[in-house]
1. Take LEU54 and decide whether it is aliphatic (A, V, I, L, M) and free of Cβ contacts under 8 Å to residues at least 24 places away in the same chain.
2. Are any of the residues in the stretch 158-176 among the hydrophobic types (A, V, I, L, M, F, W, C), in contact with a Ser or Thr (Cβ under 9 Å, 6 or more places away or on another chain), farther than 18 Å from ALA57 by Cβ and open to solvent by 60 Å² or more (accessible area, probe 1.4 Å)?
3. Can you report the number of residues in the stretch 16-71 which are in a loop (DSSP other than H, G, I, E, B) and open to solvent by 60 Å² or more (accessible area, probe 1.4 Å)?
Amino acid sequence: FQLLRGSLLLVTSAMIFLGLQHMPVAELTAINMLAPLLVTLLAAWLLHERVSRLRWALVWGGLLGALVVIRPGSNVFGSAVLFPLAGAFTYAAFQVLTSRMSALDNPYTTHFWTGLTGMLIVTPLLLWQAGDMLAAARAASSAQWAVLGLVACLGTAGHLLLILALGMAPTATLMPFVYTQIPLATGLGWWVFDRLPDAVAWAGMAVIMACGATAALLN
């Protein structure tokens, strides 16, 4: 289970990195918000957690908002959408498995295995392209290394906090809070890349955030 959990997170991260090469940050984050819907489904099915009708309605409302963002004719509609969609599916499975493991292992043990699994899988791939990797490492600036280090630290801290939280509350209760990623990602995307979603995408994101916030207030 620990190896499977680590592999799911690695695949999720890969899908996000690939998606960000083709899509804006805000829209990709909104599409990735399908994960709470899948988590609720899996939590009710596999973990037998009770989910109220109102919470189900709010989750489906969040799905509708995500579909508005993905809509045909938008600048994110295309094959690149498959990356965040696949990432949402693997991340949902990762969340459910994290909830399961939180009752069996120490949170720090689970966190250790997450990093170890990713290292064991990625290292052979890096060694296979060692020449290209070394050239890229030499060419990287100090600022780029600093950004990579920041990404590593934020990811490590975020996932540890997630493990600790899932050991204290049901999965369906915690998932609505991930909707805060949307305004954060939108603000950062505007600050760093000077890019904002269009009006229809804003409407879809508003639906997602409203459903997520309402679900959080029900707890």
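1. In short, no.
2. Yes: one or more hits.
3. So the count comes out to 4.
The values are calculated or read from the model by the stated rules, or taken from the named source; none is laboratory data. None of the values given here were measured: they were computed from a predicted structure. No Cβ is skipped: glycine too gets one built from the backbone with ideal geometry, and neighbour counts run over all protein chains shown. Only protein heavy atoms, including side chains, enter the accessible area calculation; ligands, DNA and RNA are left aside. Shrake-Rupley method; radii C 1.70, N 1.55, O 1.52, S 1.80 Å.
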